[in-house]
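Some notes on the structure that comes next.
The values are calculated or read from the model by the stated rules, or taken from the named source; none is laboratory data. None of the values given here were measured: they were computed from a predicted structure. Don't worry about glycine lacking a Cβ; one is built from the backbone with ideal geometry, like all the others, and counts go over all protein chains shown.
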Amino acid sequence: MGITPSEALVFEDAVNGVKAAHSAGCYCVAIPSMPKSIWDSYRSAGAKDILGSLLYVQPEKYGLPSLNDSAIEPDNMVRA
């Protein structure tokens, strides 16, 4: 890909994946599929940020262009 690990942005839902990204030297954002009560384990594994959903990703925070897509707004989510 032509980038160094420190230039990579990783989104991960598993603690072991966070550990792997951190070990590789990547910036890791955890999107846990686990209850908030164990989110500290993601931080301990090396997650720089922890978000409750991909809907909360703000690409511009990581130097990426904004999504600008109303389809991702929480009010437009279809709930079962």
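Conditions (1) surrounded by fewer than 12 Cβ atoms within 10 Å (Cβ to Cβ); (2) at positive phi, marked per residue:
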site	(1), (2)
Ile3	yes, no
Val15	no, no
Val18	no, no
Asp40	yes, no
Gly46	no, yes
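Among what's in region 21-49 and is part of a helix (DSSP H, G or I) and of a type in the set (Gly, Ala, Ser), pick the residue that is nearest to Leu9 (Cα to Cα).
Looking at the filtered set, the residue picked out is Ala21.
Tell me which residues, restricted to region 1-14, are out of contact with any Cys (no Cβ under 8 Å at 6 or more places or on another chain) and in a helix (DSSP H, G or I).
Glu7
Which one of the conditions (1) modelled with pLDDT of 95 or more; (2) more than 15 Å from the chain's Cα centre (by Cα) does Cys28 fail to meet, given that it meets all the rest?
Single failed check for Cys28: (2).
Of all residues being under 24 Å from Ala24 (Cα atoms) and surrounded by 10 or more Cβ atoms within 10 Å (Cβ to Cβ) in region 62-80, which is modelled with the highest pLDDT? Just the residue, please.
Tyr62
What's the total number of residues in region 33-55 that are within 9 Å of the chain's Cα centre (by Cα) and closer than 26 Å to Met1 by Cβ?
6
Being closer than 19 Å to Val57 by Cα, in contact with an Asp or Glu (Cβ under 9 Å, 6 or more places away or on another chain) and among the small types (Gly, Ala, Ser) is the filter here; which residues of region 1-41 pass it?
Ala21, Ala30, Ser33
Quick check, is Gly17 at pLDDT 85 or above and in a helix (DSSP H, G or I)?
yes
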